[in-house]
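Some notes on the structure that comes next.
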Amino acid sequence: MASYLQVDNISKSYGDRTLFSDISFNINEGDKIALVAPNGTGKSSLLKILAGIEYSDRGGEVKFMKDIRVAFLDQDTSFDAKRTIFEEVYSRMGDISPELREYEAALTSGDDKRLERAISAMDISDGWNVEQKIRQVLTSLKIERWDQPMGELSGGESKRVALACMMLQGADFLIMDEPTNHLDIDIIEYLEGYLQRSRCTLLMVTHDRYFLDRVCNTIMELDRGALYIYRGNYTQYLEKREERYANMQAEIDKSRNLLRRELEWIRSTPQARTGKARYRINAFYDLKDRASVSLRTDSVEIDVATSRLGRKIIDCMDVNLSFEGRKMLDDFSYKFTRGERVGIVGRNGVGKTTFLNLISGRIAPDSGVIEQGETLRIGYYSQRGIVFKPGQTVLECVQEIADVVKASDGHTISATTYLNRFLFPHDTFNKRVDILSGGERRRLYLLTVLMQSPNMLILDEPTNDLDIMTLNVLEEYLLEFKGSLIIVSHDRYFLDKCVDHLFVFEGDGRIKDFVGQYSEYREYIKECESAERGSERSAAPQKSVQPRQHDTSKRRLTYKEQRELEQIEAELAQLAEERAELEAEISSGTLPYERLSEVSKRIEEIIGLVDEKEMRWLELNE
């Protein structure tokens, strides 16, 4: 395998805090790597150094193989709010297509030979179909209103446009920071399939464990400023990480035993501290450093009381709601019960967040009744994140809610101690909230929601920007949570672990209640789609086959039947070849829309023909 990227001795610090120091690694062609580490330890900074957006503090080198195209997907991409979706994506094509850029330059150069070469390069690279490629990629990402201004898009829609820009670059090496944030599950699964099929080399940060497991073949862990590489999926990484920790702990214990003996020598023989024994004294201090290493991993500690919850939670009766001409709820009736765990899924824009605002009392329905129980205390973790005043510090933000927090066993915890438990040490208390990392800000927001002792938690996309370690702790807390739980999430693993039934938002105000986990729901949908395709095939007109009487001994085929059998076999081979060619044509990503429709119809015709001919082939072979 060819080396695509060589990184030597790069470092990054912020103030007196070192994220990583003098790390080196190599990435080969075809590697699909996930970078994992707790929030605030430098994952995004490392990706930005590789993408050329930030730089290593003390030199170091980031070297890509010559002519490798690199594309970077940031967590948040800045767009021109006034441009339409199509204009924005097209404007970025000039920056990423050297053939198109050269052609535009040659047009104004007055150099006929240069223009001739540029036209030839456009022919070879199929540059004339750039517009059609854009339309095809936008359609595959379910972006339909190409004339919509960028300023009107939701977070999920903006993320899909950013993905389209990345996919259209045709890059050999993709660097992606939280690619699944704000995407609905259908698009996550599409992106998952796209990356699985792609031959690109990939380095990404993601908290989505299903996505990570299905796309990546290597895990890169940033731990205490050093980098460790594990071949295999996330589950294998966890096993190998435990082995590494066990080996490191054995080495530390060995160093500590040696240190005790050396310490006795140092204390008992002060006269030996001469130039003659200087090497041993130096070795003692080196041993002391190795023995003082701690493998303790800091993790969030969630311990908060849950307020008493009465029998009545939230009752919805014949609720209707429309927003900007779209039906969000259509005669919705439901009574939430104590201890219930509901997951809410559906594509972007069908009203999931609007529903949460409705049942929490933030907005009123157009008609119908929503009644809340008297003991209900809602903790609402919204998608927009924490709201804070300009210049407000971490400690001020928390003390604005309460100075003490009530723990599950009844005793009180000071706000400062609770901050420590959420991995905010004392030196961060006076840090401004606006300069925290995305993950740190999310962690602080979660703390402020939980410290209010809610008995119903409403979580809107809680997994965005949280690291996997914090997610594991949150999941364990939610499994023990005694109140009611409503979660909107696109994280399939999180849903599978935390909820027991789903509200599936289908659009036009329709909500389906599915009992079971999300993975079970997806299997159910696949079975329904398979059954529907089978019904369509059986309903298609076919040749009537007259039943034939025959004896138990196999009859020999007539000459005419033998010729028919040979003809069917030849036709089946031709149809299979034609179907393979058409499917390859669709996968090329260069088809005009009219041809795409034509090819899809022909594939359906081929499927019907194959079914018909296979049935006759079986009859002849009976």
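The values are calculated or read from the model by the stated rules, or taken from the named source; none is laboratory data. If you're wondering where the values come from, they're calculated on a predicted model, not measured in any experiment. Because the Cβ atoms are built from the backbone with ideal geometry, glycine has one as well, and the counts that use them run over all protein chains shown. Please note that ligands, DNA and RNA were not included when accessible areas were found on the heavy atoms of the full protein model with its side chains. Shrake-Rupley method; radii C 1.70, N 1.55, O 1.52, S 1.80 Å.
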Problem - Cross-chain or 6+ apart pairs with Cβ under 9 Å, the stretch 133-159 first and within 10 Å of Phe86 (Cβ to Cβ) and of a type in the set (Lys, Arg), then open to solvent by 30 Å² or more (accessible area, probe 1.4 Å) and part of a loop (DSSP other than H, G, I, E, B) - result: Arg135/Trp146; Arg135/Pro592
Exercise for the section: Only residues in the stretch 423-450 that are over 17 Å from Tyr14 (Cα atoms) count as the first member; pair them with residues that are among the small types (Gly, Ala, Ser) and part of a loop (DSSP other than H, G, I, E, B), Cβ under 6 angstrom, at least 6 apart or cross-chain, and list the lot. Expected result: Tyr445/Gly385
Practice task
Among the candidates Glu578, Glu532, single out the residue that is at pLDDT 65 or above and closer than 30 Å to Asp496 by Cβ.
Solution key: Glu532
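Being in a strand (DSSP E or B) and loosely packed, with under 14 Cβ neighbours inside 10 Å is the filter here; which residues of the stretch 511-532 pass it?
Residues satisfying the conditions are Lys512, Asp513, Val515.
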Handout entry: Scope the stretch 360-406; condition closer than 28 Å to Asp427 by Cβ, over 33 Å from the mean Cα position of the chain (by Cα) and of a type in the set (Gly, Ala, Ser); matching residues
Key = Ala402
Exercise for the section: Would you be able to say whether some residue in the stretch 382-398 is surrounded by 13 or more Cβ atoms within 10 Å (Cβ to Cβ) and without any contact (Cβ under 8 Å) to a residue 40 or more places away in the chain? Expected result: yes
Exercise for the section: Can you confirm whether the stretch 491-502 contains a residue that is farther than 18 Å from Tyr381 by Cβ and of a type in the set (A, V, I, L, M, F, W, C)? Expected result: yes
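Right, Leu485: within 21 Å of the chain's Cα centre (by Cα) and touching a residue at least 24 places away in the same chain (Cβ under 8 Å) or not?
no
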Practice task
Filter the stretch 97-131 down to the residues that are out of contact with any helix residue (DSSP H, G or I) (no Cβ under 8 Å at 6 or more places or on another chain) and closer than 26 Å to Tyr190 by Cβ, then identify the one that is modelled with the lowest pLDDT.
Solution key: Asp126
Completion exercise
Scanning the stretch 11-29 for residues that are more than 17 Å from Asp223 (Cα to Cα), open to solvent by 30 Å² or more (accessible area, probe 1.4 Å) and either among the charged types (D, E, K, R) or in contact (Cβ under 8 Å) with a residue 60 or more places away in the chain (or both) gives Asp16, Asn28, Glu29
Handout entry: Filter result for the condition that a residue is modelled with pLDDT under 90, surrounded by 19 or more Cβ atoms within 10 Å (Cβ to Cβ) and not in a loop (DSSP other than H, G, I, E, B), over Leu502, Leu474, Leu466
Key = Leu474
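So which of Glu583, Glu612, Glu619 is open to solvent by 50 Å² or more (accessible area, probe 1.4 Å) and modelled with pLDDT under 75?
Glu583
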Problem - Single unsatisfied condition, Arg441 versus (1) under 22 Å from Pro179 (Cβ atoms); (2) at pLDDT 90 or above; (3) part of a helix (DSSP H, G or I) - result: (2)
Practice task
Evaluate the stretch 308-315: report whether one residue or more is free of Cβ contacts under 8 Å to residues at least 60 places away in the same chain and either in contact with a strand residue (DSSP E or B) (Cβ under 9 Å, 6 or more places away or on another chain) or open to solvent by 20 Å² or more (accessible area, probe 1.4 Å) (or both).
Solution key: yes
Fill in the blank from the handout: Per the list (1) more than 29 Å from Asn472 (Cα to Cα); (2) modelled with pLDDT under 90, residue check on Tyr14 breaks on (1)
Exercise for the section: Filter the stretch 477-498 down to the residues that are assigned to a loop (DSSP other than H, G, I, E, B) and open to solvent by less than 10 Å² (accessible area, probe 1.4 Å), then identify the one that is farthest from Met456 (Cα to Cα). Expected result: Asp491
Practice task
Could you run through the stretch 154-188 and say how many residues are under 26 Å from Tyr518 (Cβ atoms), open to solvent by 20 Å² or more (accessible area, probe 1.4 Å) and not in a helix (DSSP H, G or I)?
Solution key: 2
Completion exercise
Within the stretch 189-203, the count of residues that are open to solvent by less than 10 Å² (accessible area, probe 1.4 Å), in contact with a helix residue (DSSP H, G or I) (Cβ under 8 Å, 6 or more places away or on another chain) and either not in a helix (DSSP H, G or I) or not aliphatic (A, V, I, L, M) (or both) comes to 2
Fill in the blank from the handout: Flagged in the stretch 218-245 as part of a strand (DSSP E or B) and either free of Cβ contacts under 8 Å to residues at least 60 places away in the same chain or touching a His at 6+ places or on another chain (Cβ under 7 Å) (or both), in numbering order, are Tyr228, Tyr230, Arg231
Exercise for the section: Output the residues belonging to the stretch 345-377 that are open to solvent by less than 50 Å² (accessible area, probe 1.4 Å) and among the aliphatic types (A, V, I, L, M). Expected result: Val345, Val350, Leu356, Leu358, Ile359, Ile370, Leu376
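Residue-by-condition table, conditions (1) open to solvent by 40 Å² or more (accessible area, probe 1.4 Å); (2) more than 25 Å from the chain's Cα centre (by Cα); (3) closer than 16 Å to Met167 by Cα; (4) of a type outside the set (A, V, I, L, M):
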position: Leu47; (1), (2), (3), (4): no, no, no, no
position: Gly59; (1), (2), (3), (4): yes, yes, no, yes
position: Lys66; (1), (2), (3), (4): yes, yes, no, yes
position: Gln75; (1), (2), (3), (4): yes, no, yes, yes
position: Arg83; (1), (2), (3), (4): yes, yes, no, yes
